[in-house]
Each structure stands twice: as structure tokens, then as C-alpha cells.
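Notes to accompany the following structure.
The values are calculated or read from the model by the stated rules, or taken from the named source; none is laboratory data. Source: prediction; values computed, not measured. Heads up, the Cβs are rebuilt from the backbone with ideal geometry, glycines too, and the neighbour counts pull from every protein chain shown. SASA here: full protein model, heavy atoms, side chains in, ligands and nucleic acids out. Shrake-Rupley method; radii C 1.70, N 1.55, O 1.52, S 1.80 Å.
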Amino acid sequence: MDAEIIAMLGQDGVTNGAIYALLALALVLVFAVTRVIFIPQGEFLAWGALTMAALESGHFPATVWLLVGCGVLTLAVDGFSATGRRSIGRSLLWNLAYPLALAGLLWGLSLAELPTAARVLIALAIVVPMGPMLYRVAFQPVAEAPVLVLLIISVAVHLAMVGLGLLIFGPEGSRTQPFSEAQFELGSLMIGGHTLVVLAASVVLIVALYLFFDRTLYGKALRATAINRNGARLMGISPALAGRLTFFLAAVIGVLSGLLVAPITTIYYDSGFLIGLKGFVAAIIGGLASYPLAAGGAILVGLLESFSSFWASAFKDVIVFTLIIPVLMWRSLTSHHVEEEE
Amino acid sequence: MSNNNVLEVKNLSVAYGKVEAVSGVSLAVGEGKIVTVIGPNGAGKTTTLSAIMGLLPSRGEVAFDGSIEQVPEVERMVVRGMNLVPEKRELFGSMSIEDNLLLGAFQRHRSGKRDHLETMEEVYTLFPRLKERRLQQAGTMSGGERQMLAVGRALMARPKLLMLDEPSLGLAPLIVREIFRIIAELRRRGVSILLVEQNARAALQVADYAYVLENGGIKMHGEASTLRDDPRVIESYLGLGSKHQELLST
Amino acid sequence: MNANTQTRAAPGAPSRLSPKLVLGVFLVLLAAAPLVLPEFYVTLLNYVGLSALVALGLVLLTGVGGLTSFGQAAFVGLGGYTTAWLTTAQDLPGWLAFIGSSPWFTLVAGLVITATVAVILGSVTLKLSGHFLPLGTMAWGISLYFLFGNMEFLGGHGGLSGIPPVSLFGYELVNNGQFYYLVWCFVLAALFTTRNLLDSREGRAIRALKGGMVMAESMGVDTSRARMVIFVIAALHACAAGWLYAHLQRFVNPTPFGLHIGIEYLFMAVVGGAGQVWGALVGAGVITVLKQWLQDILPKVFGSAGNFEVIIFGVMMVIVLQRARDGLWPLIAGLVPVREAQKTIDPAATPLVKKPQPPMGETILEAKDVTRKFGGLVANNNMSLSVKAGEILALIGPNGAGKSTMFNQLSGVDTPTSGDVLFRGKSVAGHSSREIAGLGMSRTFQHVRLLPKMTVLENVAIGAHRRGSKGVLPAAWRLDRDEEARLLREAAVQVERVGLKDFMFAEAGSLALGQQRILEIARALCSDPCLLLLDEPAAGLRLKEKQALAELLRRLKSEGMAVLIVEHDMDFVMSLVDRVVVMEFGEKIAEGLPAEIQSNPAVLEAYLGGV
């Protein structure tokens, strides 16, 4: 193993690690605000990537139908528990009018000729709204349930989404065009343009999230909910609002990660889960509470993965997922005292 | 419902499982008045406030600012101008004092009223200490400062009715005096206040009207100045019987 | 745990069926099934049985214990692969070859391996909060799945074939009909041992894990051990199912041991009703049959092949957890009215051994300069107090004075920042509440902590946990009945002593708040303490009940019990106790006889407040 291979593996590891870091941040965020362990994060990644692939090949993305279906379901749930005419109006707008308008728009456009930026926006516009809809339908009715129940629901939603993914995308995988084909030479090392895009996008996104949480009222409201749910309620920050906003952000991160990862590896309908789980290992390193630790853990996971794929490629997933055991052991050594589970 | 009442509660009952903690409580808060609910521990004071605010499911009628809430819901009550400073304060410990205050104006800001900077200045004039420490984390403050921040945070919403749950709880006498001075000051500024207190003397001193809650029901009510001298109030607190009333009334 | 969930069952009502009869009918139907059903259904029932075995472990783990695992399929795989490899591999070293010579030996080997893995996995995750265990098992489940698929000697993704059949008394079980009886013997054995276990001393400790851990620890239950026990039991059930699967299929590959199957097992437990052992059967049946049917029908509907049943399962799970968190079993149980079997209390059982009571006047508990700080807040400052045998001491003070914090320092729930707590002359500050309970201190809680679904009798019996010793295995096979009768008798005595005799078999959650407080006293007494710590015992009691409680406490005092009581009802306190300690702002402001305290100006100031 020479320096060149090490540099190459390191580059791979950091690139993947940056994507895991994004996923880990989303997982920590969702858990802190809603106590949901967001297993379906990976499905947003896969749906984003495969929607992009469909757009690139000029096909009408079938995820639009999922959006319409999701919207109708959300509208129905809203209808059953309506509190006022105004809220029903808003629900109609977002859950029925918006998906149908989007479907109509895409029907009219000639998808094959769109510029990349437009495709990115469309992929986001289709998949991201399903985040808050999912919260409304699956989690909001049981927002006060124990973490364990929320986790099982989360797994159930993941399973249903994988099945739906198979139904609309089929078993074939897709790879999308890289955002940049350029190659840069740095000494003896070749750096791919897409690698730089991934790193830059991750950094921009992380900084944007930081600014959102540090500077904006809504970002602060989410933090407040995570710190003290009762206190936040007394300020009129409803858990439902916080939940929908959080799931929106998680969906944005999921879809963007999908767009970034799809040019690197072939994405199948069920690829999201494994990628998401690696984000999880990182999030667990951060104890589902610390953002910087989780991001650091993600880079570690990325590097571990790329180096173990060189040494023992058949066992790379085994190695990454077994990492969780020493991490948990370390965490369990630092916690004691019997406490009640909520 | 008479026009000069901000809050009118009729026949409010709350049950935890099969146990009724509050039954058939009726009370009213007049516009610009301080009304206090006093009573021994476990009488149902906090439960009553929580139910009015919509934190707990209840039966009965809550009329606020002229319209009846069938099912009070916290977020809606906040939008309509009711704010509760809970017994536990419920601050955002790892956020700065300023952010805590800012979040107090969340609903107001959301409904398009962007006057939080002015309000914050007003809060700071009321609590200069908070201004001195505005970048400090809320969790690092002393008990008295926490209470001030909790009140200040609630004021950021410019409430029509401020409900205070045991604001003197666990505070040293000097700070208790300060808190009650501020409560009196707030009334001068036109805020109606529903005050729940164990510190009966201080509460009766500052209030216009008072209710005595015991075992989940209103046992007495009347002008605060009248109740202040009622021996039964003292009895229900200490259970001492008549022999100590003399001593207490001095 | 009872098969019947109807709580207000009128005992002996003629319209209800005897549980024995219902069980008998079920067993006869089960035994006759392979004789009358076509082959296809017998096969299906075999798979229902295998799944039920795994789901049963999850019922214990998730439904009863409040923990969960998505990785049970991996434990199934451990059982399956252990036997598959040992019975098919050539050129094994001598001792391994010997184990491989009979499937019965490989079953034992598989169980040992599984238990070892479960203990290791459990010891790293069980101490963490509840969601780390499922996440850990998820990651671990995937690892093991990839290992099975990548190990050369385990046949890679192709798997291992040529596994020999199981033989019983020289008779080989080669077809589905024969294997059926083996599978269901395992299932029934697991079902009844689990039921027995839950209805025992260890079982009560396990049932306290969900929502009663702090209480259980103060009653002397080692909750970490109890969690480990159910985690290992669940793993062993899964392992046995894997062994059966390998010898039924005579072939193993990694597919049925993947994470998605692990999730399916959890679904079975939840859909069936994770709280009851019979829920596992129902869930396994429903999911297995539904899966079979959906795999037939969905590809035709959607026009392409694939595991589309997961969509239905996922949606079904969400609905079940939102609408009927107890699963299907309570609905089914409601259709067959089974009479509830009531526990019998044997008055002739030998009483439990009592510790000798310390002599009257001996100092039992002494706090010396206890200080507790939380960050910048000083909750307790230099607090000292002592309680003697045969004395009732009251700790009073206005709300927020730091009484509860003090209580926690004394009972081992929390550790003082400085200062010491002596129990009968021995320092206990910083010791766990379990250890302190073992020394003879027993407590009640300000916010009642009991298990609302358990009967009053069983709740009280938890108090006697440390006075019994029979473990999990004797409980599972009902070798603990002597001890159990003695424990229940003791519990019944305490229930009668506090005056709750009429509610002996009522669900604790159906009692009024005041009665629940009294129940906590009975539970505390059941541990044979020499010191009682009572946190607001009179709150919510009616006058008559208060008088009865005072009477009880006076009697205990005359028997030499030391009692420390935190209470707000001054009438109650002043007429009952020997001495009073008054707290304000975390400090002691007065101490003395009730009459002195009542006329102490500082105390009056603290209570009524001053402006």
C-alpha cells in the first residue's frame, strides 16, 4: 500500500464521510426535537437520487404520484381532526393543490432538456414535502408515546417506504451524472470535481444549518423544543409545528445527500437504509445529542469503510457496523444510575 | 359574562385517572386586577392553572377575553394573550437569556407583530439584572434570576392575562419582596394577573380579590383585604387550631 | 400473567368458561391439526410455531420488559448455522465432531453460543437508555447477516445443505407432520415456562422493568440483572427456533436471518399483543398467514415480482401502534369469556424469617452535614438529622424547601455533594438504593410508584423480593411454589395490616390515590424494614383513612420501628410525631417537639411568608 492509494482511499473516505455527516446531523436533529429515531432518513436519500435519475433520463418521476397520495392521506388525517376552517384551507392548499400543480407542471415540461439546477430543484420540490406529511400522518398522532413506540413506528414506516420504492422504481439501480466532470491535480493525487462539490455542499449545508439554529427565530424555536418541550409549548411553539419543521429539514438533507451520493455509487430502491445506518453509527458516536461529535464520527465511519473495502472488501459493512459495539461500550461505561425510561 | 372580566372559569373539573384533583371550581379575573388563588399544598392550585391554560384535559367552561374555549389548547391560548409562568419555570437552560426572551415573543412574531425589540427594552427596564446578563446561559442563573427571566419571557408576549404559579417558591425573602413589587408594578401597567401562591400573606397583600382552594374545591372567596384577617385562612394553612391565631395576627 | 384481560371478571359467574377447559380444547385442536389438515397448512403451522417461539421472546423483552431488539433473526441464525455447520462439516476436530454427531448436542452448543453472545451484547447496551439496545441489535443483526454470507466455511450466500433430520428415540422426524409435534412441543414448553416465570418472584421483578425501575431498585430488585435475564431468554428462544428451522428445512442460507425478518418478528409480537404470552401466537399466526397470502396476491395486483407485503405490514404496524397499542390479543380474548383464575393464599405457609429488630432507642439513621448542589443551586445545605428505633420524626417545610432532595440523599436515589449518611452506624452515602434497601430501609414515594396493571397483592409482594431466593429456572418449571406461597402469605398479611384486605385482588391502578399511598406502605413493610421513609403518606386521604394511618404508624412505632415522615398535613403531623425538623431554603431552621415548633416564630414566618 503506497501513499497514492492511501490518499485515494482517504479521499473516498472523506467524501462518503461528508455525506454520512449530513445524515447524522439530520438524525440527531430529529431525535432531539421529536424523540423519533428517524430510520426512514435513508429512503428520502434513495427517493431523491432515483427521482433525479428519472429526470435525467427524461421520464416523468413516479415519486410525484407518491406525493399526491401522501398529500391526500395527510388531508384526510387533517380533515378528521380539524380545528378550524382556516387550517383546513391551508391543508387543502399544501396537501392537494400543491402536489397536483406540481404534477401538472412536470407533465407540461420537457424534462430531458432541463438544466441541472432545475432538476435539483424539482427533485427537492417533489420529495421534500413528503417529510412533513409523513410526520403529520405517522408521528403527530402519537407524539407523546415512549421512544420505543416511536422507534417501532419509524421502522414500520421505513419498511413501507422500501416496499413503495420497489413498486415505483423497480429493482434496477441508477447512477446520475456528476455535478462536475473536472479533474484537479494536486501533486500526484487526482481530485475529482464531484468530490469537491460534495465537500463544498456539505460544508455549505452544515454552515447553513448552524446559522438557521443560531440566528433565526424558527431555528431557536426548534432548539427550545429540544431543550424543554413544556417550556416551548408555553411560548406557543407547538410540538406539531416543531415536528413538521424538523421533518422538513431532515427531508431536505436526505434528498440533497441522495443527489450527492448518486453519482458516486449506484442507488437502488433499498440502498438508502444501509447508507442511512452508517449515518446512524456516526450519530450514536455522538450519543444522539452532540452535533460536532456526530460529524466527526461520520468522517471516521467514512474512512473506516474506505480502508476496510481495500483490505477486506467483503467484510466492509461488517466492520463498520461492528464499530457500534465498542462505541456503545464506551458510552455505557460513562453512564450510571438507574433512571426511568420515559 | 360581564364585560370587565378577562377570565371566567365555570365549574372546572380535572381528573387524573379516576381521581378527581379539581372539582367544580369557578373563578373570575377582572380586567386589570390581581386575583390570587391560595391554599395548602396539594389543594389543586397548579392543576387549576394547567387546565385553564389547556395543558391538562378538563371539563367545564373557560371563557377568556370574551369568548368561550370549548377545549382550551396551549398554543391557541398563547395566541389569544394568555401566558403562564409555571412553578418549574421551564426555561431553556442552554440558551442565552436574550434568546429565552426572544422566544417569549414567538407567537406574536409569527402572527406578524414584530415589536419584540421594544418589548424587550421594557422587560429590561423592569429587570435590569437580565439586561446585564443577557448573553449568559439561563441554566447558570440563581433561583431569583430564573424567576425574573420566566416572568420576563412571559411578558414578551404582551399578555392580556398573566398567570403566575408560585412565583415566590424557594426564593429568599428579599427576592420574594422584589417579585411582589414587580407584580404590583405590572398591574399598574394594565396586565391582569392570576396569582397562585402558598405565601398567603404576600399574595393577599398584593391582590384585589382572593380564592382559597382546598381539596380541589373553592372553600372561600372575597376581597383580599377581608380574607387577610380571616382566621379560617390561617387555620387552613397550619392546621394549628385557634390557640395560635392570636400570635399569627400580630 | 393471565390469559384473561377482563379485569372486572365476576369470579364464578356462570357465563364464563373455565380456563382449563379452554386450554384443553386448544390443545386437542392443536394435536389433531396435522391429522385433519392438508399438508400445506401443516407446513404453514410449522412456520407459525417457529415464529411464535421467537415472538414469545420478544413479548417478554418488549411487551413485558419494555426493551426491544430488531436483531432476533440473527439469534435464529446463530442457532441454525451452529447446528448446520457442526452436523455437516467434514474433518472437524474430535470434540467438535462429537458434538456434531447428534442434533441434540448441537442444540445445546447453539444455546451456549447464543447465551454468550447475548450476554456480551447485553452488557454493552442494557445499561444505556432504552433506544440504544434496538439500535445496537439492528447494526449487529446486519453484521451477522453479512458474516453468514461471506464466510467460506458457512457456504457463503449459497448456504449449507444436507443437514440431517432430528431423531427422537431412534425415530427420524423427516416429514412436516412429524416435525409439527416437535415444533409445537417447543412452543408450548416456551409458552408455559414464560407464563410460569411471569407469575413468580423473578417475574414480578421483570414486570416492574417497564415504568417501575426506580421503585423496584428501592425494593431491592437488581434491575440490570432482570433486564439481562429477559434479553438472554429471548435470544435463547430465537436460537431454539433457528435449530428447529435448520432441521426442518435441512438447509440454511443467510436470507431468513436478515434484518428485515428480525423486524417482522417484532411486528408479530406487537400486532399480537406484546403484553401477553398468547399474543405471540396470535401475532405469529396473523403475520405468517398474511405474508403467505399477500405474497400470492400482491405481485398479481402490481404486475411485478417483489416483497410488496412489507408495504401492508408497515402500514398495519403504524395503525396498530396508533390505534390499538395492546395488539390483537385483547380483542380476541374478549370474544372467549374465560373465567379469571384467582391466586390462592395459603394461610398455613411457613412465615418468612424476620430480621431481629434493633433495640428501642438505638439511632437508626443519621445524616451529618449533608449538602447537595445542582450546578449553582444549593438544594440542601448542612442538613443534619437522626431517627431512633421506636420514634417518628417529621421533616416539614414549605414547598421547594428541599425536603424531597433530602429524602433522595437518605434513600440512595441521589448522592450528597458532601456530608455523610449513616444507617445503623454504617455509611451509606453514595450507595445504591438497592443496597440500602437490603440493610433494612424501606420507603414510599411522593408520586405513587406502583404497577397499575398488577393486583394489590402482587404489588405488595415486590416488597418481599429480597426475602426470597428462587431464581429464573425454578420459577419457569414451578419448583418455587413453596417459597412463592410464603411470599404471598407475607404480602397478604401486610395488605390486611394496612386495611386493604377488600382490595387484595383488585388492580392497583383502580384504587383511589389515598389507598395507593397505603399500598406503598404495605409494600415497604413487606421488606421487613427497621426504618420507614414515608413521603407525604397522608396526601389525598380522607379523615377516617388518616386516622387509620396514624393508628398504624403508632402501632409500628410501639413495635420498635423508626419512621421518618415528610408531610404537609399539619394536623396529622403534629398529633402523631415525636419530633419535628423544619426546613427552609435547603437548611434546617428549627428542630424540636411538635408544640415547640408550632409556636416558633421562624416556622410561622416560613409557612405563612412575610413581606
Kindly list, by first and then second residue, each pair from a residue in the stretch C:294-305 that is more than 10 Å from chain A (Cβ to nearest Cβ) to a residue that is of a type in the set (D, E, K, R), limited to pairs with Cβ atoms under 6 Å and residues at least 6 apart or on different chains.
C:L294/C:E309; C:Q295/C:E309
Residue among A:Y135, A:Y98 that is open to solvent by less than 40 Å² (accessible area, probe 1.4 Å), under 23 Å from the mean Cα position of the chain (by Cα) and either more than 20 Å from A:I168 (Cα to Cα) or free of Cβ contacts under 8 Å to residues at least 40 places away in the same chain (or both)
A:Y135
Within the stretch C:306-323, the count of residues that are open to solvent by 40 Å² or more (accessible area, probe 1.4 Å) and either among the small types (G, A, S) or more than 7 Å from chain A (Cβ to nearest Cβ) (or both) comes to 4
I'd like to verify a number: residues in the stretch C:552-582 that are within 15 Å of C:L533 (Cβ to Cβ) and either of a type in the set (D, E) or part of a strand (DSSP E or B) (or both), how many?
7
Pairs with Cβ under 7 Å, 6+ apart, first in the stretch A:146-173 and more than 7 Å from every other protein chain (Cβ to nearest Cβ), second open to solvent by less than 10 Å² (accessible area, probe 1.4 Å) and acidic (D, E):
A:H158/A:E43; A:M161/A:E43; A:G165/A:E43
How do the helices (runs of 4 or more DSSP H) wholly within the stretch C:211-317 filter down when requiring 1 or more residues that are of a type outside the set (D, E, K, R) and over 20 Å from the mean Cα position of the chain (by Cα): which remain?
C:223-249, C:259-272, C:277-302
Does the stretch B:123-130 include one or more residues that are free of Cβ contacts under 8 Å to residues at least 60 places away in the same chain, surrounded by fewer than 24 Cβ atoms within 10 Å (Cβ to Cβ) and within 14 Å of chain C (Cβ to nearest Cβ)?
no
Quick test of your reading of the structure: B:V151 fulfils all but one of (1) in the same structural domain as B:T47 (by TED's automatic domain parsing); (2) touching a residue at least 60 places away in the same chain (Cβ under 8 Å); (3) among the β-branched types (V, I, T). Name the failing condition by number.
(1)
From the set of residues in the stretch A:191-221 that are touching a residue at least 12 places away in the same chain (Cβ under 8 Å) and outside any helix (DSSP H, G or I), which is most open to solvent (accessible area, probe 1.4 Å)?
A:I191
Can you tell me which residues in the stretch C:18-70 are surrounded by 24 or more Cβ atoms within 10 Å (Cβ to Cβ) and hydroxyl-bearing (S, T, Y)?
C:S51, C:T62, C:T68, C:S69
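Yes/no matrix, rows are residues, columns are (1) within 14 Å of another protein chain (Cβ to nearest Cβ); (2) closer than 30 Å to A:F315 by Cβ:
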position	(1), (2)
C:L111	no, yes
C:L121	yes, yes
C:N150	yes, yes
C:G170	no, no
C:T194	no, no
Looking only at the stretch B:140-158, count how many residues are at the interface with another protein chain (Cβ under 9 Å from one of its Cβ atoms), open to solvent by less than 10 Å² (accessible area, probe 1.4 Å) and over 15 Å from B:P86 (Cβ atoms).
2
From the list B:R177, B:R189, exactly one residue is without any contact (Cβ under 8 Å) to a residue 40 or more places away in the chain, surrounded by fewer than 18 Cβ atoms within 10 Å (Cβ to Cβ) and either more than 12 Å from chain C (Cβ to nearest Cβ) or in contact with a helix residue (DSSP H, G or I) (Cβ under 7 Å, 6 or more places away or on another chain) (or both). Which is it?
B:R189
In the stretch B:76-88, the residues that are at pLDDT 90 or above and touching a helix residue (DSSP H, G or I) at 6+ places or on another chain (Cβ under 7 Å):
B:M77, B:V78, B:V79, B:M82, B:N83, B:L84, B:V85, B:P86
Just need a number here: residues in the stretch B:107-122 that are part of a loop (DSSP other than H, G, I, E, B), surrounded by 13 or more Cβ atoms within 10 Å (Cβ to Cβ) and among the hydroxyl-bearing types (S, T, Y).
0
For the stretch B:60-80, which residues satisfy the criterion of being in contact with a strand residue (DSSP E or B) (Cβ under 8 Å, 6 or more places away or on another chain), under 22 Å from B:K113 (Cα atoms) and either of a type in the set (D, E, K, R) or not assigned by TED's automatic domain parsing to the domain that holds B:V9 (or both)?
B:D65, B:R76, B:R80
Given C:F251, C:F192, C:F267, which one is without any contact (Cβ under 8 Å) to a residue 24 or more places away in the chain, aromatic (F, W, Y) and either open to solvent by 10 Å² or more (accessible area, probe 1.4 Å) or out of contact with any Lys or Arg (no Cβ under 6 Å at 6 or more places or on another chain) (or both)?
C:F192
Restricting attention to the stretch A:227-249, which residues are more than 8 Å from chain B (Cβ to nearest Cβ) and small (G, A, S)?
A:A240, A:A242, A:G243
Is it true that A:L199 is on the phi < 0 side of the Ramachandran plot, within 14 Å of chain B (Cβ to nearest Cβ) and at pLDDT 90 or above?
no
Residues that are surrounded by fewer than 24 Cβ atoms within 10 Å (Cβ to Cβ) and of a type in the set (S, T, Y), drawn from the stretch C:206-248:
C:T223, C:S224
Could you grab me the full set of residues in the stretch A:291-301 that are aliphatic (A, V, I, L, M), open to solvent by 50 Å² or more (accessible area, probe 1.4 Å) and within 21 Å of A:R35 (Cα to Cα)?
A:L293
Name every residue in the stretch C:399-434 that is of a type in the set (V, I, T), assigned to a loop (DSSP other than H, G, I, E, B) and more than 18 Å from C:C530 (Cα to Cα), in order of residue number.
C:V413, C:T415, C:T417
Considering the stretch B:138-152, residues that are of a type in the set (G, A, S) and touching a strand residue (DSSP E or B) at 6+ places or on another chain (Cβ under 9 Å), and then whichever is farthest from C:G400 (Cα to Cα), we arrive at B:A138
Give the stretch C:552-611 a look and list any residue that's open to solvent by 60 Å² or more (accessible area, probe 1.4 Å) and aromatic (F, W, Y), or say none.
C:F585
Which numbered condition A:S87 fails, given (1) more than 14 Å from chain B (Cβ to nearest Cβ); (2) open to solvent by 20 Å² or more (accessible area, probe 1.4 Å); (3) not hydrophobic (A, V, I, L, M, F, W, C):
(1)
Just to check your reading of the model, which residue among A:T334, A:T322 is closer than 22 Å to A:G17 by Cβ and either modelled with pLDDT of 85 or more or of a type in the set (S, T, N, Q) (or both)?
A:T322
